[in-house]
Amino acid sequence: MSLFSLIFGNKQKTATIAKERLQLIIAHERNGQNSKPDFLPALQQELIAVISKYVAVKPDDIKVSMEKQGNYEVLEVNIVLPDPASTR
């Protein structure tokens with residue numbers, strides 16, 4: 001052992017650190033594909049609150065979903081607005 005390794009300890013090589021980080025990211029990505037994102041219900045509630053300020057909508061009229069299409073994730077928001085003739 002050299003004097004530096006005794007004082008500072010064995011330093012991992014940056015390639016090893018990068019490999020470990022990449023493995024963690026890949027494991028996280030694979031794990032997250034099967035589950036629904038946890039922010040969608042909160043996003044739906046916030047959209048209902050904001051849209052309700054301007055238009056009379058029912059909570060069931062707003063749907064938020066996320067789909068994976070290839071390498072992309074698509075956030076889809078469907079809002080059923082009331083007929084303008086019926087609000088008069």
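The values are calculated or read from the model by the stated rules, or taken from the named source; none is laboratory data. In this text the structure is predicted, and so the values were computed from the model without any measurement. Every residue, glycine as well, gets a Cβ built from its backbone with ideal geometry; the counts of neighbours run over all protein chains shown.
Any idea how many residues of region 67-88 are more than 30 Å from ILE26 (Cα to Cα) and modelled with pLDDT under 85? Walk me through it before giving the result.
Narrowing region 67-88 to residues more than 30 Å from ILE26 (Cα to Cα): 78-88.
Within this subset, residues satisfying the condition of being modelled with pLDDT under 85 are 82-88.
The qualifying residues number 7.
Among residues of region 55-72 that are under 15 Å from LEU40 (Cα atoms), those with a Cβ under 6 angstrom from a residue that is assigned to a strand (DSSP E or B) and charged (D, E, K, R), sequence gap 6+ or separate chain, pair up as SER65/GLU76; MET66/GLU73.
How about region 46-70: which of its residues are basic (Lys, Arg) and either in contact with a helix residue (DSSP H, G or I) (Cβ under 9 Å, 6 or more places away or on another chain) or closer than 19 Å to ASP83 by Cα (or both)?
LYS53, LYS58, LYS63
Of all residues in region 47-66, those being at pLDDT 85 or above and closer than 30 Å to ILE26 by Cβ number 2.
Return a yes/no flag: does region 1-24 have any residue that is among the polar types (S, T, N, Q), under 26 Å from LYS68 (Cβ atoms) and at pLDDT below 75. No, every residue in region 1-24 fails to be among the polar types (S, T, N, Q), under 26 Å from LYS68 (Cβ atoms) and at pLDDT below 75.
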